[in-house]
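Heads up, the thing below is written out as structure tokens.
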Amino acid sequence: MEPLTGEGKPLAADKDGENEPTITKDPLLKQDMGALNEEQATDTEEHAKSEPLCNRDVVREVDLINVNPVLDTQENPLGLVVDGKHISIQKDLSDLETLAGQGIGDKKQCPLCPEERFRPCQIHKLLKHLQNFHWKVSVEFEGYRMCICCLPCLHRNASQSGGEVPSKIVVHYHCIICSATVAKRRCEMLSHIKRHINKGETEVKLSAPTCRMQEILHESNTDVQVLPNFNTPHKSGTFFNPKMKINRQLIFCALAVLVEERSPLECLDAFGSTGVMGLQWAKHLGTSVKVTINDISEQSVAMIRENCALNKMKVLEKKGEEESELLEEGEEYVRSVEVTQVDANVLMHLRSFDFIHLDPFGTSVNYLDAAFRNVRNMGIISVTSTDTGSLYAKSLHVAKRHYGCNIIRTEYFKELAARIVICSIARAAARCNKGIEVLLSVALEHFVLVVVRVVRGPTQADESIKKINMLIHCHWCEERIFQKEGNMVEENSYKQLPCDCHKSMPGRSAVNLGPMWSGSLFNTGFLRRMLFESVQHGAEDIQPLLKTLICEAECTTLKQFSINSNPSSQEESGVFIKVEDTREGSANPGKRKLDLNQIATKRFKSETTRNEHPPFYYSIHRHTIGGLNIPKLNRILQYLSEAGFLVSRTHFDPTGIRTDAPLATLTSILKKNSTLSTTSQSSSHQETSVKQEKTDLEETESVTENSNAVNKCETEK
């Protein structure tokens, strides 16, 4: 069956040969959805006083309210589903008028509007309201018209309304194909239908909106039940991204390392969504962790509870219910998980945790102060930032607004993003008189992950703040260097750069970027322990990445890589940590606190003496020489290593090289070991052949001239 327009004609195919849904082309419709029928605005004087929101305002609300459309998880009121479809989906206007005429009395109620929005009125005014508002902006597909609905099927999220004011009814549409509730402007509904057509989903499903297809995914021995459109956060209330599996495994290994140091731990997943990360913690680490999964969305909390039941996890409402609940139903449930529904800032202000993971939608700067407020000493905070548009220098004004940093697009933009996030974390920790030690920094295509250890004390906070500096970046050759500390203002700070571009180029040849983190991005001992835990728990996806990170932290090549086979004794920041001793001493909280403070002091003292990896990296393709074929990347690493420089590959860029060699030295090594390309060789061969022909012609001409001169002399004699 082909989708029809208002005139009963099939839709015209677009450029790709696919059909597009169209808005109803009624003869009375000559305006867009923002048009206003003046007759409806003057229904009754009482209605105008009690409901100042006229049709234009209602339509404007559809266009301007920025809410996340979610699927209806609550059962629809009685009478909203007729013949397997929502009452806002009808074939003809007469069917909608029939529904309107079923009321009792002279005044009729609109079937698609609540009483507080549109009061009962005479039947002729109600029919005008249905035709000029609901029917005008309907979207047609397969002979059905999806009218705009104002019933309380969808409410404004509690996070956007503050959780204190009552939720506001949002004008929306009901999809006839997937029973989704789309709560945005009309063009969003058209795009929603078009996506179904592009996927080949053109079958009309006459089913109730509550009968939703749910899919069960399996990851790391954990089952997760998700809703339709689970990979697009603005299409469903919950969000599950399979591409973030590496992120979840990295965080799990970091928590496993902390469990080996001391246990039990109180862990918090502040933005649970489906709860997959917290369930993996509780399922694999057992009684060593007390997991709390939090989310402010009611739909996400409901989905977390369902996933807990799916994985045989006991849901705890309060912190003190754990022992009694486990004793009563210890045979039925394997583990227990605490599920809360509060604002993440409020929860982190009220309770203390040993491990906190922040993964909000977008930037995480709004939650850093609360995270550092009550985190325990030597605890770990992991921050996942998905606002790559601002961090990767695509939206400079957003980066300036969120992080207070001046950045531009450079060849090392991913490492720049990681250092900017660490700078925000260090500032938030310093405001709470706490210092940080960076354990892990990863910047991939979809996210930026930073894992830090928290150390209490104003001295440690001052040491962390000292590592926040400005960066001087050359526009011409892309050389970079951190600005030297000092209170004196230099006349030309660009002279600190190793290059001479400021002498040969007129005007400003460089720019100041930052402020940003200038310290180390990795901790070698912690990464080695993470690699061991990944082998123990079967996290094979992140093992190549962890090996690359270890080589990058030590600034060595992969051939020289070796892992310590004894995981109970690992060096971290110049301090050897024995896992067995710390676990035995964890029973005595006073002794453990003394040992942790001593370890923290040694860690920060050794921080200045140990060798750190060079900051930033060079992209080989950005520094190639025209007409030359550069050698393979491993060959370049070998040449730099033989020259006496530290060199390694980087996970930020597959063609990048992290080295302490200056850019001029790198360019000279590339030029020395490069060969002529085939095009340059052919062009040079042509040039030499042309020159040879010219010299031959010149020689023949000179010979002929000499012979002619000899002949003339003989004739004269």
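Taking V442 as the residue in question, decide whether it is open to solvent by less than 40 Å² (accessible area, probe 1.4 Å) and touching a residue at least 60 places away in the same chain (Cβ under 8 Å).
So V442 passes the test.
Here's a check for you: in the stretch 324-337, which residue that is of a type outside the set (A, V, I, L, M) and either modelled with pLDDT of 95 or more or part of a loop (DSSP other than H, G, I, E, B) (or both) is most open to solvent (accessible area, probe 1.4 Å)?
In this case the residue turns out to be E331.
Mind listing just one residue for me: the one in the stretch 480-505 that is at pLDDT 85 or above and among the aliphatic types (A, V, I, L, M) and, of those, surrounded by the fewest Cβ atoms within 10 Å (Cβ to Cβ)?
Filtering the stretch 480-505 for residues that are at pLDDT 85 or above and among the aliphatic types (A, V, I, L, M), the one surrounded by the fewest Cβ atoms within 10 Å (Cβ to Cβ) comes out as I481.
Within the stretch 449-471, which residues are of a type outside the set (A, V, I, L, M), open to solvent by 10 Å² or more (accessible area, probe 1.4 Å) and within 28 Å of the chain's Cα centre (by Cα)?
Listed by number, the residues that qualify are K467, N469.
Looking at the stretch 370-388, is at least one residue surrounded by fewer than 21 Cβ atoms within 10 Å (Cβ to Cβ) and in contact with a Pro (Cβ under 9 Å, 6 or more places away or on another chain)?
Among the residues of the stretch 370-388, at least one is surrounded by fewer than 21 Cβ atoms within 10 Å (Cβ to Cβ) and in contact with a Pro (Cβ under 9 Å, 6 or more places away or on another chain), which makes the answer yes.
For the stretch 397-411, name all the residues that are among the aliphatic types (A, V, I, L, M) and open to solvent by less than 10 Å² (accessible area, probe 1.4 Å).
A399, I407
Report whether or not G143 is modelled with pLDDT under 85 and either open to solvent by less than 10 Å² (accessible area, probe 1.4 Å) or at positive phi (or both).
It is true that G143 is modelled with pLDDT under 85 and either open to solvent by less than 10 Å² (accessible area, probe 1.4 Å) or at positive phi (or both).
With the checklist (1) open to solvent by 90 Å² or more (accessible area, probe 1.4 Å); (2) modelled with pLDDT of 90 or more; (3) not in a loop (DSSP other than H, G, I, E, B) in hand, flag the one item P654 doesn't pass.
So P654 meets the others, but not (3).
Looking only at the stretch 192-226, filter to residues that are modelled with pLDDT of 70 or more and among the hydroxyl-bearing types (S, T, Y); which one of those is surrounded by the most Cβ atoms within 10 Å (Cβ to Cβ)?
Among those residues, the one meeting the criterion is T222.
Do any residues in the stretch 257-276 that are within 13 Å of E338 (Cα to Cα) and modelled with pLDDT of 95 or more have Cβ atoms under 6 Å from those of residues that are among the small types (G, A, S) and buried (at least 21 other Cβ atoms within 10 Å of the Cβ), where the two are at least six apart or on different chains, and which pairs are they?
Matching pairs, first to second residue: D269/G278; A270/A344.
Filter the stretch 412-424 down to residues that are touching a helix residue (DSSP H, G or I) at 6+ places or on another chain (Cβ under 6 Å) and open to solvent by less than 10 Å² (accessible area, probe 1.4 Å) and give me whichever is nearest to E478 (Cα to Cα).
The qualifying residue nearest to E478 (Cα to Cα) is A417.
In the stretch 627-637, how many residues are open to solvent by 30 Å² or more (accessible area, probe 1.4 Å) and within 16 Å of A664 (Cα to Cα)?
Total satisfying the criteria: 1.
Residue check: is V315 over 18 Å from H218 (Cα atoms), in contact with a Phe, Trp or Tyr (Cβ under 6 Å, 6 or more places away or on another chain) and modelled with pLDDT of 90 or more?
Spelling it out, it is not the case that V315 is over 18 Å from H218 (Cα atoms), in contact with a Phe, Trp or Tyr (Cβ under 6 Å, 6 or more places away or on another chain) and modelled with pLDDT of 90 or more.
Mind listing whichever residues of the stretch 506-553 are open to solvent by less than 30 Å² (accessible area, probe 1.4 Å) and in a strand (DSSP E or B)?
A510, V511, L513, G514, P515, M516, W517
Out of the residues in the stretch 152-180 that are within 17 Å of Q90 (Cβ to Cβ) and hydroxyl-bearing (S, T, Y), which is modelled with the highest pLDDT?
Out of the qualifying residues, it is Y173.
Given the conditions (1) out of contact with any His (no Cβ under 9 Å at 6 or more places or on another chain); (2) modelled with pLDDT of 95 or more; (3) open to solvent by less than 40 Å² (accessible area, probe 1.4 Å), which single one is not true for Y367?
Only one criterion in (1) out of contact with any His (no Cβ under 9 Å at 6 or more places or on another chain); (2) modelled with pLDDT of 95 or more; (3) open to solvent by less than 40 Å² (accessible area, probe 1.4 Å) is unmet by Y367, namely (3).
Given the condition acidic (D, E), surrounded by 11 or more Cβ atoms within 10 Å (Cβ to Cβ) and at pLDDT below 90, answer yes or no: does some residue in the stretch 697-708 qualify?
Among the residues of the stretch 697-708, not one is acidic (D, E), surrounded by 11 or more Cβ atoms within 10 Å (Cβ to Cβ) and at pLDDT below 90, which makes the answer no.
Just a yes or no: is a residue in the stretch 426-435 under 23 Å from the mean Cα position of the chain (by Cα) and either of a type outside the set (G, A, S) or assigned to a strand (DSSP E or B) (or both)?
Yes - at least one qualifying residue is present in the stretch 426-435.
The values are calculated or read from the model by the stated rules, or taken from the named source; none is laboratory data. All figures in this text were calculated on a predicted structure; none of them were measured in a lab. No Cβ is skipped: glycine too gets one built from the backbone with ideal geometry, and neighbour counts run over all protein chains shown. What goes into the accessible areas is simple: the full protein's heavy atoms, side chains included, and nothing from ligands, DNA or RNA. Shrake-Rupley method; radii C 1.70, N 1.55, O 1.52, S 1.80 Å.
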